[in-house]
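I have placed the structure first, in the form of structure tokens, so that the comments after it can refer back to it.
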Amino acid sequence: MAERPGKEESDGTSDDNPRLAFIYREAVRGLDHQQNVVENMNTRAGSLIFATAFANSLLGGRALSDGLGLWDWVAVALLFAIGGLIVFLLLPFHKYMFRFDPEELLHQYVDGDRPAKMSAMYRPLALRIKNDMAGNWRIIQRLRLALQIALLFLLLDILAWLLAIAGV
């Protein structure tokens, strides 16, 4: 004889609700993906440091051997702008949310009069992850824009050095 689901199962608070578990896992996977995007941008910023140093040492030395001209000053200004953008990209002042506070989780779900079941935890945590991802995305967008501008400045920097070398 088949048993009818109890109230606990029908309202989604039992510990064996696979739909909530799936949604929570997907939310965590999305947050992990965001963290990988941030780490990838940090790697790209490191590559940008190398490319900037290489291009400026190679071209700047040659261009400055003839003295300082307009294009030399433009290239130096672009070099400082790239440096500022790299500092913005790499300084750890951005407030990412990739983790939960364990003390808060213990207080909210374990230490109370009635400890929460796993399924009762999945829903609020998945919604919290969604909010954290939205906040992270705003930071990531600003960093991505800064990286794109820095790359554009690197191309203009190389062009300025080449114009300085050409004596234009």
Residues THR43, THR52 arranged by fewest to most Cβ contacts within 10 Å: THR43, THR52
Of the listed values [x] 9.5; [y] 13.5; [z] 10.1, grab the one calculated as mean projected area of the Cα convex hull in nm² from the structure here. [y]
LEU154, LEU68 arranged by Cβ crowding within 10 Å, fewest neighbours leading: LEU68, LEU154
Can you give the local net charge around PHE98? Use residues other than it whose beta-carbon is closer than 9 angstrom to its beta-carbon, Lys and Arg +1, Asp and Glu -1. -1
If R0 is 41 Å, what FRET efficiency do you get for ASP66 and LEU91 from their C-beta distance, rounded to 0.05? 0.70
Mean separation of Cα contacts under 8 Å, 6 or more apart, over the residue count of the stretch 24-166: relative contact order %: 51
Lys and Arg at +1, Asp and Glu at -1: add these up for the other residues within a Cβ distance under 15 Å of ALA63 and post the number. -2
Against the longest alpha carbon principal axis of the chain, how many degrees, from 0 to 90 and to the nearest 10, is the axis of helix 70-90 turned? 20
Length gained when the stretch ILE49-LEU152 is fully extended (0.36 nm per residue, less Cα-Cα span): 35.7 nm
If one compares the long axis through the Cα atoms of helix 18-64 with the longest principal axis of the Cα atoms of the chain, the angle in degrees, nearest 10, works out at 10
The residues ASP113, ASP157, ASP32, sorted from fewest to most surrounding Cβ atoms within 10 Å, come out as ASP113, ASP32, ASP157
Quick check: the angle from helix 118-166's long axis to the longest principal axis of the chain, C-alpha only, nearest 10 degrees? 10
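Computed from the coordinates by the stated procedures, all read-outs in this text should not be read as laboratory data. Note that this is a predicted model, so its numbers are computed, not measured. Positions of Cβ are backbone-derived with ideal geometry, glycine not excepted, and every protein chain shown enters the neighbour counts.
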